[in-house]
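The next block holds one structure in the form of structure tokens; read it before the comments.
The values are calculated or read from the model by the stated rules, or taken from the named source; none is laboratory data. Since the structure is predicted, the reported quantities are computational estimates derived from the model, not experimental observations. Here the Cβ is made from the backbone with ideal geometry for all residues, glycine too, and neighbour counts use every protein chain on show. For the accessible areas, the whole protein counts, side chains as well, though only heavy atoms, and no ligand, DNA or RNA atoms are used. Shrake-Rupley method; radii C 1.70, N 1.55, O 1.52, S 1.80 Å.
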Amino acid sequence: MNYLSTRARAHTTTLDAALAAGLAPDGGLYVPQRLPHFATGEFDGLDSLPQIASRLLAPFFVNSQLASQLPQICAEALDLPIPIIDLDDTTSVLELFHGPTAAFKDFAARFLAACLARLRHSDAPQSTVLVATSGDTGGAVAAAFHQRPGFRVVILYPDGRVSARQAHQLAAFGDNIVTYKVDGSFDDCQRTVKSVLGDVELARQLNLTSANSISLGRLLPQMAYYAYAAIQWHRRGRTAPTLIVPSGNLGNALAAIVVREMGLPIGHIVLATNANRTLSDYFGGAEYQGRPSIATLANAMDVGDPSNFERLQWWFKDRDLRRSNIQAMTVDDLTIGQQIQAWHARTGMAFCPHTACALAVLSRVPASNRLIVATAHPAKFDDVVEPLIGRGIEVPPALAKLLARPANAQTLANHRDALIAALR
Ligand SMILES: *Cc1c(COP(=O)(O)O)cnc(C)c1O
């Protein structure tokens, strides 16, 4: 399989080069030249996520140095529980938050780290994985690369715009993980990181790579859990589910859209966003218009100009996209709070503010055969959720361990030159 940049259709590269670079030299995002197609029966006999992942991803690894190691990579990175819990007769929840940092981003970060560690030559100079985070990516990437020889992780997060526990977790690793809090928004952090990574000469000098949701190495493993869920659903004898995905940068939902293109049984796809309405306006028929992000209770989705939109547009024309059984719906903070309370009263379950956006759009889609994606554990957002439900939330053990460590974040000016100086 060859890979292209969304901005230069002629020049192709290998998977290994695309994984190592993160962002294409022309500033575009890497995409596979074509998508393989699967019938559900091709997964017969495969039960676990790692097994399904290695079958699904094999075509993408043809000609990669990693092809023969793909099953081990999937076993090492993706062996995390992904329960599908029934809320009632009409709706189930796909819980993607049982990894070490309690958000779905663990799957992709661990997969990318497992690939990059194997691609690295043992005598190569140290690489720096540069990551801008709206709260959860940074922790997942840090956990995935923590104490891996040959790698340093540099995290930028928007100061004051992540939950207290997210901030603690981001800065609790130490060793080869360096954490900067930036006086700015996530969009600022992302712009800085993109501009530094997009400077080919600088990126080479400093041996930089990316682990943001723009990285191809994150898109691929996220496709695997949607394939897994769709196959489990199918095996229960059910028709393809309506999938509701809390969305910000569009990395997670894009994986679902691509897997559906590849033939896996997924029905309608609904992107649930917070008050940042770029996607809902676009899918409602407006021109795409990136804009500054607004801070909301679902902070990991505070994105005004989703970077994966460029990938989506590379695959589909506007007209086709709008006809493609994808909708985007926006949810305000008041509704997020009400949903957390209402679902707790009804089921006794606590949901994170991002997952609450998905719950909130249930009343706007037909009441059957719905699968909601739960993107983070509510204990990560205790400051929002606990006052709403009037009780404490038990912290998962892996998260508790991180929270017990001291946190050490340094401040960084909201400017590209400040980052370059810090990297040097
Ligand atoms: C990152 C994140 C999202 C948004 O995912 P995208 O891939 O950016 O659309 C939603 N919920 C949580 C908890 C997240 O960490």
Could you please give the count of residues in region 291-301 that are more than 14 Å from the ligand (Cβ to nearest atom) and surrounded by 12 or more Cβ atoms within 10 Å (Cβ to Cβ)?
-> 3
So Asp47 clears everything in (1) open to solvent by less than 30 Å² (accessible area, probe 1.4 Å); (2) modelled with pLDDT of 95 or more except one condition, right? Which one?
-> (1)
Can you confirm whether region 270-278 contains a residue that is of a type in the set (A, V, I, L, M), within 11 Å of the ligand (Cβ to nearest atom) and open to solvent by 10 Å² or more (accessible area, probe 1.4 Å)?
-> no
Among residues belonging to region 397-412 that are within 20 Å of His98 (Cβ to Cβ) and of a type in the set (Gly, Ala, Ser), point out the one that is surrounded by the fewest Cβ atoms within 10 Å (Cβ to Cβ).
-> Ala404
Among the residues of region 340-361, count how many are over 23 Å from the mean Cα position of the chain (by Cα) and either surrounded by 21 or more Cβ atoms within 10 Å (Cβ to Cβ) or not polar (S, T, N, Q) (or both).
-> 7
Kindly indicate whether any position in region 87-106 is within 16 Å of the ligand (Cβ to nearest atom), buried (at least 16 other Cβ atoms within 10 Å of the Cβ) and in a helix (DSSP H, G or I).
-> yes
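Table: residues versus (1) away from the ligand (no atom under 16 Å from the Cβ); (2) touching a residue at least 12 places away in the same chain (Cβ under 8 Å); (3) of a type in the set (A, V, I, L, M, F, W, C); (4) surrounded by 18 or more Cβ atoms within 10 Å (Cβ to Cβ).
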{"position": "Asn308", "(1), (2), (3), (4)": "no, yes, no, yes"}
{"position": "Arg322", "(1), (2), (3), (4)": "yes, yes, no, no"}
{"position": "Ile326", "(1), (2), (3), (4)": "no, yes, yes, yes"}
{"position": "Val373", "(1), (2), (3), (4)": "no, yes, yes, yes"}
{"position": "Pro387", "(1), (2), (3), (4)": "yes, no, no, no"}
Would a scan of region 257-278 turn up a residue that is among the charged types (D, E, K, R), at pLDDT 95 or above and outside any helix (DSSP H, G or I)?
-> yes
Kindly indicate whether Tyr288 is surrounded by fewer than 24 Cβ atoms within 10 Å (Cβ to Cβ) and among the aromatic types (Phe, Trp, Tyr).
-> yes
Hey, among the residues in region 3-44 that are in a loop (DSSP other than H, G, I, E, B) and surrounded by fewer than 14 Cβ atoms within 10 Å (Cβ to Cβ), which one's modelled with the lowest pLDDT?
-> Asp26
